Amino acid sequence: MSRRRQIYEGKAKILYEGPEPGTIIQYFKDDATAFNAQKKGTINGKGVINNRISEHVFLKLAQIGIPTHFIRRLNMREQLVRQVEIIPLEVVVRNVAAGQLSKRLGIEEGEQLPHTLIEYYLKADELGDPLVAEEHIACFNWAGYEEMQDIASMAIRVNDFMSGMFAAIGIRLIDFKLEFGRLWEEDFSRVILADEISPDNCRLWDMVSGEKLDKDRFRRDLGGEEQAYQEVARRLGLLQGEDDTGPGEVLDMSAHRSRLRQGPGKGKK
Ligand code: 5GP
(Lines give C-alpha, C1' and ligand atoms only; values in the text may rest on other atoms or scores of the structure.)
Protein backbone atom coordinates (compact mmCIF):
# COMPACT_ATOMS: atom_id res chain seq x y z
CA MET A 1 0.00 0.00 0.00
CA SER A 2 1.29 3.41 -0.94
CA ARG A 3 1.80 5.94 1.83
CA ARG A 4 2.53 8.76 -0.61
CA ARG A 5 0.49 11.87 -0.23
CA GLN A 6 -2.16 12.22 -2.91
CA ILE A 7 -2.32 15.77 -4.21
CA TYR A 8 -5.18 15.50 -6.67
CA GLU A 9 -7.35 12.94 -8.41
CA GLY A 10 -8.50 13.86 -11.90
CA LYS A 11 -10.61 11.99 -14.43
CA ALA A 12 -7.74 10.00 -15.96
CA LYS A 13 -4.82 10.56 -13.58
CA ILE A 14 -3.87 10.76 -9.92
CA LEU A 15 -1.10 13.09 -8.79
CA TYR A 16 1.08 12.15 -5.80
CA GLU A 17 3.78 14.11 -4.05
CA GLY A 18 7.13 13.24 -5.67
CA PRO A 19 10.30 12.04 -3.93
CA GLU A 20 11.98 15.47 -4.06
CA PRO A 21 10.58 18.98 -3.65
CA GLY A 22 9.27 20.32 -6.92
CA THR A 23 8.43 16.87 -8.29
CA ILE A 24 5.14 15.04 -8.72
CA ILE A 25 4.22 11.48 -9.66
CA GLN A 26 1.53 11.15 -12.36
CA TYR A 27 -0.40 7.87 -12.10
CA PHE A 28 -2.32 6.94 -15.25
CA LYS A 29 -5.71 5.32 -14.59
CA ASP A 30 -7.81 3.16 -16.91
CA ASP A 31 -10.84 5.36 -16.19
CA ALA A 32 -12.32 7.18 -19.14
CA THR A 33 -14.80 10.04 -19.05
CA ALA A 34 -16.40 12.14 -21.75
CA PHE A 35 -18.79 15.09 -22.08
CA ASN A 36 -17.63 16.72 -18.84
CA ALA A 37 -17.75 13.38 -16.99
CA GLN A 38 -21.40 12.70 -17.89
CA LYS A 39 -20.20 9.49 -19.53
CA LYS A 40 -17.91 7.23 -17.50
CA GLY A 41 -16.21 3.94 -18.25
CA THR A 42 -12.98 2.00 -18.24
CA ILE A 43 -10.61 1.25 -21.09
CA ASN A 44 -8.64 -1.79 -20.01
CA GLY A 45 -4.88 -1.10 -20.09
CA LYS A 46 -5.33 2.54 -21.17
CA GLY A 47 -3.23 3.93 -18.31
CA VAL A 48 -0.29 1.71 -19.22
CA ILE A 49 -0.45 2.61 -22.90
CA ASN A 50 -0.93 6.35 -22.30
CA ASN A 51 2.00 6.41 -19.86
CA ARG A 52 4.20 4.89 -22.59
CA ILE A 53 2.89 7.00 -25.48
CA SER A 54 3.12 10.22 -23.49
CA GLU A 55 6.67 9.38 -22.36
CA HIS A 56 7.65 8.73 -25.98
CA VAL A 57 6.15 11.96 -27.29
CA PHE A 58 7.46 14.16 -24.45
CA LEU A 59 10.99 12.76 -24.88
CA LYS A 60 10.86 13.46 -28.62
CA LEU A 61 9.56 16.98 -28.01
CA ALA A 62 12.37 17.62 -25.51
CA GLN A 63 14.83 16.55 -28.23
CA ILE A 64 13.57 19.34 -30.48
CA GLY A 65 13.85 21.88 -27.68
CA ILE A 66 10.31 22.05 -26.28
CA PRO A 67 10.56 22.43 -22.49
CA THR A 68 8.31 19.88 -20.76
CA HIS A 69 7.50 18.75 -17.24
CA PHE A 70 8.51 15.14 -17.98
CA ILE A 71 11.48 13.78 -16.00
CA ARG A 72 11.26 9.99 -16.37
CA ARG A 73 8.87 7.06 -16.42
CA LEU A 74 8.93 5.20 -13.12
CA ASN A 75 6.93 2.08 -13.95
CA MET A 76 3.98 0.84 -16.03
CA ARG A 77 1.55 3.45 -14.80
CA GLU A 78 3.62 6.23 -13.26
CA GLN A 79 5.93 8.97 -14.39
CA LEU A 80 7.92 11.54 -12.48
CA VAL A 81 7.26 15.11 -13.59
CA ARG A 82 8.16 18.63 -12.50
CA GLN A 83 5.62 20.40 -10.34
CA VAL A 84 4.20 23.40 -12.17
CA GLU A 85 1.51 25.96 -11.59
CA ILE A 86 -1.03 24.91 -14.18
CA ILE A 87 -2.19 27.70 -16.51
CA PRO A 88 -6.01 27.34 -16.49
CA LEU A 89 -6.34 26.91 -20.27
CA GLU A 90 -6.85 23.96 -22.58
CA VAL A 91 -5.01 24.74 -25.79
CA VAL A 92 -6.59 22.92 -28.73
CA VAL A 93 -4.75 22.69 -32.05
CA ARG A 94 -6.81 21.70 -35.09
CA ASN A 95 -5.68 20.66 -38.57
CA VAL A 96 -8.91 19.04 -39.74
CA ALA A 97 -12.51 19.83 -38.77
CA ALA A 98 -13.93 17.44 -36.16
CA GLY A 99 -15.65 17.30 -32.79
CA GLN A 100 -16.73 20.59 -31.25
CA LEU A 101 -15.52 22.67 -34.19
CA SER A 102 -17.71 20.75 -36.63
CA LYS A 103 -20.67 20.91 -34.27
CA ARG A 104 -20.29 24.61 -33.45
CA LEU A 105 -19.71 25.87 -36.99
CA GLY A 106 -21.42 23.19 -39.08
CA ILE A 107 -18.26 22.17 -40.90
CA GLU A 108 -18.18 18.58 -42.05
CA GLU A 109 -15.91 16.27 -40.07
CA GLY A 110 -12.79 15.43 -42.03
CA GLU A 111 -12.59 18.72 -43.94
CA GLN A 112 -9.00 19.90 -44.07
CA LEU A 113 -8.76 23.39 -42.54
CA PRO A 114 -7.20 26.12 -44.73
CA HIS A 115 -4.67 26.62 -41.95
CA THR A 116 -4.00 25.32 -38.46
CA LEU A 117 -6.30 26.75 -35.79
CA ILE A 118 -5.39 27.31 -32.17
CA GLU A 119 -8.28 27.65 -29.72
CA TYR A 120 -8.31 28.31 -26.00
CA TYR A 121 -10.79 26.86 -23.52
CA LEU A 122 -10.99 27.85 -19.87
CA LYS A 123 -10.31 24.90 -17.58
CA ALA A 124 -13.51 25.07 -15.53
CA ASP A 125 -15.53 21.84 -15.27
CA GLU A 126 -18.43 23.65 -13.60
CA LEU A 127 -18.76 25.84 -16.73
CA GLY A 128 -18.12 22.98 -19.19
CA ASP A 129 -14.69 24.34 -20.25
CA PRO A 130 -15.97 27.30 -22.35
CA LEU A 131 -14.19 28.55 -25.47
CA VAL A 132 -12.48 31.87 -24.67
CA ALA A 133 -10.84 34.57 -26.79
CA GLU A 134 -7.32 35.89 -26.23
CA GLU A 135 -9.02 39.10 -25.03
CA HIS A 136 -10.65 37.17 -22.18
CA ILE A 137 -7.32 35.59 -21.27
CA ALA A 138 -5.68 39.03 -21.11
CA CYS A 139 -8.65 40.68 -19.37
CA PHE A 140 -8.79 38.13 -16.55
CA ASN A 141 -5.01 37.59 -16.54
CA TRP A 142 -5.21 33.80 -16.90
CA ALA A 143 -1.91 34.08 -18.79
CA GLY A 144 0.35 37.03 -19.60
CA TYR A 145 1.09 38.42 -23.07
CA GLU A 146 4.54 36.83 -23.29
CA GLU A 147 3.24 33.56 -21.88
CA MET A 148 0.62 33.49 -24.65
CA GLN A 149 3.32 34.11 -27.28
CA ASP A 150 5.30 31.17 -25.87
CA ILE A 151 2.22 28.94 -25.69
CA ALA A 152 1.20 29.66 -29.30
CA SER A 153 4.69 29.11 -30.69
CA MET A 154 5.14 25.87 -28.73
CA ALA A 155 1.70 24.64 -29.81
CA ILE A 156 2.62 25.17 -33.48
CA ARG A 157 5.99 23.43 -33.05
CA VAL A 158 4.35 20.50 -31.25
CA ASN A 159 1.80 20.28 -34.07
CA ASP A 160 4.45 20.32 -36.81
CA PHE A 161 6.50 17.68 -35.06
CA MET A 162 3.58 15.40 -34.16
CA SER A 163 1.96 15.69 -37.60
CA GLY A 164 5.19 14.35 -39.10
CA MET A 165 5.70 11.71 -36.43
CA PHE A 166 2.18 10.32 -36.91
CA ALA A 167 2.24 10.65 -40.72
CA ALA A 168 5.33 8.44 -40.74
CA ILE A 169 3.26 5.64 -39.16
CA GLY A 170 0.19 6.13 -41.36
CA ILE A 171 -1.81 8.25 -38.91
CA ARG A 172 -3.42 11.63 -39.63
CA LEU A 173 -3.23 14.06 -36.70
CA ILE A 174 -6.66 15.72 -36.75
CA ASP A 175 -6.49 17.77 -33.54
CA PHE A 176 -5.21 17.62 -29.97
CA LYS A 177 -5.29 19.37 -26.61
CA LEU A 178 -2.28 20.66 -24.69
CA GLU A 179 -1.86 22.06 -21.21
CA PHE A 180 0.93 24.30 -20.02
CA GLY A 181 2.30 25.22 -16.61
CA ARG A 182 4.56 27.79 -15.01
CA LEU A 183 7.86 26.62 -13.62
CA TRP A 184 9.02 29.07 -10.99
CA GLU A 185 12.71 29.78 -10.53
CA GLU A 186 13.06 32.36 -7.75
CA ASP A 187 10.94 35.32 -8.86
CA PHE A 188 10.80 34.29 -12.52
CA SER A 189 8.59 31.76 -14.21
CA ARG A 190 8.75 30.14 -17.62
CA VAL A 191 6.08 28.22 -19.45
CA ILE A 192 6.57 24.51 -20.04
CA LEU A 193 4.42 21.78 -21.57
CA ALA A 194 2.57 19.73 -18.94
CA ASP A 195 -0.16 17.05 -18.60
CA GLU A 196 0.04 14.24 -21.21
CA ILE A 197 -0.16 13.59 -24.94
CA SER A 198 -1.98 10.38 -25.79
CA PRO A 199 -5.01 9.06 -27.71
CA ASP A 200 -7.08 10.45 -24.80
CA ASN A 201 -6.43 14.01 -25.96
CA CYS A 202 -5.60 13.65 -29.67
CA ARG A 203 -7.77 12.71 -32.63
CA LEU A 204 -5.83 10.17 -34.67
CA TRP A 205 -7.25 8.70 -37.87
CA ASP A 206 -5.74 5.93 -39.95
CA MET A 207 -4.53 7.60 -43.15
CA VAL A 208 -5.86 4.93 -45.47
CA SER A 209 -9.07 3.65 -43.88
CA GLY A 210 -9.96 6.76 -41.86
CA GLU A 211 -10.50 4.52 -38.83
CA LYS A 212 -10.49 6.41 -35.52
CA LEU A 213 -7.63 5.39 -33.24
CA ASP A 214 -8.45 7.58 -30.24
CA LYS A 215 -10.89 8.36 -27.45
CA ASP A 216 -13.72 9.10 -29.92
CA ARG A 217 -14.18 5.30 -30.00
CA PHE A 218 -15.28 5.58 -26.36
CA ARG A 219 -17.07 8.94 -26.69
CA ARG A 220 -19.12 7.71 -29.65
CA ASP A 221 -19.65 4.10 -28.53
CA LEU A 222 -17.74 2.72 -31.51
CA GLY A 223 -16.11 -0.10 -29.50
CA GLY A 224 -12.57 -1.41 -29.96
CA GLU A 225 -10.97 1.36 -27.89
CA GLU A 226 -8.40 -0.97 -26.29
CA GLN A 227 -7.27 -2.23 -29.70
CA ALA A 228 -7.13 1.32 -31.08
CA TYR A 229 -4.86 2.59 -28.27
CA GLN A 230 -2.68 -0.53 -28.65
CA GLU A 231 -2.46 0.04 -32.39
CA VAL A 232 -1.10 3.57 -31.88
CA ALA A 233 1.49 2.27 -29.39
CA ARG A 234 2.40 -0.62 -31.71
CA ARG A 235 2.94 1.68 -34.70
CA LEU A 236 5.12 3.95 -32.54
CA GLY A 237 7.25 0.87 -31.82
CA LEU A 238 6.33 0.78 -28.13
CA LEU A 239 4.78 -2.68 -27.96
CA GLN A 240 7.78 -4.84 -28.71
CA GLY A 241 8.17 -5.89 -25.06
CA GLU A 242 11.62 -4.29 -24.80
CA ASP A 243 11.52 -4.74 -21.04
CA ASP A 244 9.41 -6.53 -18.50
CA THR A 245 7.25 -3.48 -17.84
CA GLY A 246 6.19 -3.20 -21.47
CA PRO A 247 2.48 -2.68 -21.90
CA GLY A 248 2.20 -5.90 -23.88
CA GLU A 249 2.56 -7.71 -20.57
CA VAL A 250 -0.21 -5.92 -18.79
CA LEU A 251 -2.87 -4.80 -21.23
CA ASP A 252 -5.33 -7.22 -19.74
CA MET A 253 -5.30 -6.05 -16.13
CA SER A 254 -7.58 -8.78 -14.79
CA ALA A 255 -5.37 -11.49 -16.31
CA HIS A 256 -2.30 -9.64 -15.02
CA ARG A 257 -3.71 -9.47 -11.48
CA SER A 258 -4.59 -13.15 -11.53
CA ARG A 259 -1.03 -13.97 -12.68
CA LEU A 260 0.32 -11.90 -9.77
CA ARG A 261 -1.93 -13.80 -7.35
CA GLN A 262 -0.67 -17.11 -8.71
CA GLY A 263 2.95 -16.10 -8.14
CA PRO A 264 5.98 -15.81 -10.41
CA GLY A 265 6.23 -18.05 -13.44
CA LYS A 266 2.67 -19.33 -13.09
CA GLY A 267 -0.47 -18.72 -15.04
CA LYS A 268 1.41 -17.81 -18.18
CA LYS A 269 2.00 -20.17 -21.07
P1 5GP B 1 -13.15 18.99 -29.17
O2 5GP B 1 -13.05 20.42 -28.73
O3 5GP B 1 -13.44 18.85 -30.62
O4 5GP B 1 -14.05 18.18 -28.28
O5 5GP B 1 -11.69 18.36 -28.93
C6 5GP B 1 -10.57 18.81 -29.68
C7 5GP B 1 -9.36 17.95 -29.30
O8 5GP B 1 -8.95 18.27 -27.97
C9 5GP B 1 -9.63 16.45 -29.30
O10 5GP B 1 -8.45 15.80 -29.75
C11 5GP B 1 -9.89 16.10 -27.85
O12 5GP B 1 -9.44 14.81 -27.57
C13 5GP B 1 -9.07 17.16 -27.12
N14 5GP B 1 -9.77 17.65 -25.92
C15 5GP B 1 -10.52 18.76 -25.79
N16 5GP B 1 -10.98 18.88 -24.53
C17 5GP B 1 -10.53 17.83 -23.86
C18 5GP B 1 -10.67 17.40 -22.51
O19 5GP B 1 -11.31 18.02 -21.65
N20 5GP B 1 -10.07 16.21 -22.18
C21 5GP B 1 -9.35 15.49 -23.10
N22 5GP B 1 -8.79 14.32 -22.71
N23 5GP B 1 -9.19 15.89 -24.37
C24 5GP B 1 -9.76 17.03 -24.76
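The values are calculated or read from the model by the stated rules, or taken from the named source; none is laboratory data. This is a predicted model, so every value here is computed, not measured. So basically every Cβ, Gly included, is an ideal-geometry build from the backbone, and we count neighbours across all protein chains shown. Heads up: the accessible areas ignore ligands, DNA and RNA and are worked out on the full protein's heavy atoms, side chains in. Shrake-Rupley method; radii C 1.70, N 1.55, O 1.52, S 1.80 Å.
Here are the numbers for this structure:
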| read-out | value |
| --- | --- |
| Segment 105-120, subset farther than 24 Å from Phe140 by Cα and surrounded by 13 or more Cβ atoms within 10 Å (Cβ to Cβ), residue farthest from the chain's Cα centre (by Cα) | Ile107 |
| Any hit, segment 113-123, residues being within 16 Å of the ligand (Cβ to nearest atom) and on the phi > 0 side of the Ramachandran plot | no |
| Residue within segment 31-43 that is at pLDDT 95 or above and away from the ligand (no atom under 14 Å from the Cβ) present | yes |
| Residue match in segment 56-64 (condition: away from the ligand (no atom under 13 Å from the Cβ), more than 30 Å from Glu17 (Cβ to Cβ) and aliphatic (A, V, I, L, M)) | yes |
| Residue identified as of a type in the set (Val, Ile, Thr) and not in a strand (DSSP E or B) among Ile174, Ile169 | Ile169 |
| Within segment 136-165, tally of residues that are of a type in the set (S, T, N, Q) and either surrounded by fewer than 13 Cβ atoms within 10 Å (Cβ to Cβ) or without any contact (Cβ under 8 Å) to a residue 24 or more places away in the chain (or both) | 3 |
| Matching residues, segment 195-223, being within 8 Å of the ligand (Cβ to nearest atom), basic (Lys, Arg) and surrounded by fewer than 24 Cβ atoms within 10 Å (Cβ to Cβ) | Arg203 |
| Test result for Ile174, more than 16 Å from the ligand (Cβ to nearest atom), closer than 29 Å to Gly45 by Cα and under 17 Å from the mean Cα position of the chain (by Cα) | no |
| Leading residue by the ranking (most open to solvent (accessible area, probe 1.4 Å)) among those in segment 42-53 that are over 23 Å from Glu17 (Cα atoms) and of a type in the set (Val, Ile, Thr) | Thr42 |
| In segment 63-104, the residues that are over 24 Å from Trp142 (Cβ atoms) and exposed (fewer than 14 other Cβ atoms within 10 Å of the Cβ) | Gln63, Ile64, Gly65, Arg72, Asn75, Lys103 |
| Failed item in (1) open to solvent by 30 Å² or more (accessible area, probe 1.4 Å); (2) under 18 Å from Gly223 (Cα atoms); (3) assigned to a helix (DSSP H, G or I); (4) not hydrophobic (A, V, I, L, M, F, W, C), with His56 passing the rest | (2) |
| Restricting segment 1-13 to residues that are more than 16 Å from the ligand (Cβ to nearest atom) and free of Cβ contacts under 8 Å to residues at least 12 places away in the same chain, the residue that is surrounded by the fewest Cβ atoms within 10 Å (Cβ to Cβ) | Met1 |
| Counted residues, segment 67-102 - those being without any contact (Cβ under 8 Å) to a residue 40 or more places away in the chain and near the ligand (Cβ under 8 Å from one of its atoms) | 2 |
| Inter-residue pairs, beta-carbon under 6 Å, first of a type in the set (A, V, I, L, M) and in segment 166-184, second more than 13 Å from the ligand (Cβ to nearest atom) and open to solvent by 10 Å² or more (accessible area, probe 1.4 Å), 6+ apart | Ile169/Arg235; Leu173/Ser163; Leu183/Val84; Leu183/Arg190 |
| Candidate set: segment 14-41, residues that are among the basic types (Lys, Arg) and in contact with a helix residue (DSSP H, G or I) (Cβ under 9 Å, 6 or more places away or on another chain); chosen: the one surrounded by the most Cβ atoms within 10 Å (Cβ to Cβ) | Lys29 |
| So Gly45, is it of a type in the set (Gly, Ala, Ser) and over 18 Å from the mean Cα position of the chain (by Cα) | no |
| Test result for Ser189, out of contact with any helix residue (DSSP H, G or I) (no Cβ under 7 Å at 6 or more places or on another chain), in a strand (DSSP E or B) and open to solvent by 30 Å² or more (accessible area, probe 1.4 Å) | yes |
